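A short reminder: the numbers here are calculations on the coordinates, not readings from a lab. Fair warning: this is a prediction, and the values are worked out from it, not measured in the lab. Neighbour counts are summed over all protein chains in view; Cβ atoms, including those assigned to glycine, are modelled from backbone coordinates with ideal geometry.
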Amino acid sequence: MATKTFTSIAAIENVIEAAADIAIQKVAKIVRDKLEEYIQEDFYSLYSPLFYTRTFSFLKSPKYNMLNKSSAEVFVDTDVMHYLGISGEDVATLASYGFHGSSDIFRPGFFWSDFISWADKNIPFLLKLELMKQGIPVI
């Protein structure tokens with residue numbers, strides 16, 4: 001690791017902030033991809049429709065946004081989900097409880113609670129790892 005010399009606290013802060021921004025973006029992408037995996041595993045793989053062709057808009061809905069230089073959000077973008085007679089938000093909510101488009105079709109897959117459990121266990125480790133890759137030692 002190369003040694004850097006700083007002449008001010010502001011210079012140190014700038015380096016740390018830039019490294020943190022990169023690390024947070026990388027973690028947000030990983031978390032978004034993991035959310036997509038949980039939707040695939042806990043929703044799409046548990047039920048195959050008999051009367052319609054899937055659009056996979058729910059599968060494509062996980063997104064992330066940088067809120068500022070030190071935080072990001074990962075979410076299901078229900079605005080990109082278009083269905084007949086039901087909103088994207090309703091589909092995501094039903095899916096989180098194991099329902100597939102209506103309360104008549106249930107499969108025991110709970111993508112949201114499974115994802116949140118994974119996130120709670122893994123995000124701190126992932127952030128530390130990405131910060132270390134950016135040259136910021138973290139214990």
If Leu84, Leu126 are placed from fewest to most neighbouring beta carbons inside 10 Å, the sequence is Leu84, Leu126
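To the nearest 0.05, how large is the calculated FRET efficiency for Ile116 and Ile12 if R₀ is 41 Å and r is the Cβ-Cβ distance?
0.75
Please compute the volume of the convex hull spanned by the alpha-carbon atoms of the chain and report it per residue in Å³.
113 Å³
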Once you have all Cα-Cα distances for the stretch 44-125, histogram them in 10 Å bins from zero and send the whole-percent values. 15, 46, 28, 10, 1
Please compute the modelled spin-label separation between Ser87 and Ser57, points set 7 Å along Cα→Cβ, answer in nm with one decimal. 1.4 nm
The chain: longest stretch without exposed chymotrypsin sites (Phe, Trp or Tyr not before Pro) (DSSP loop, at most 14 other Cβ within 10 Å), sites themselves excluded? 7-50
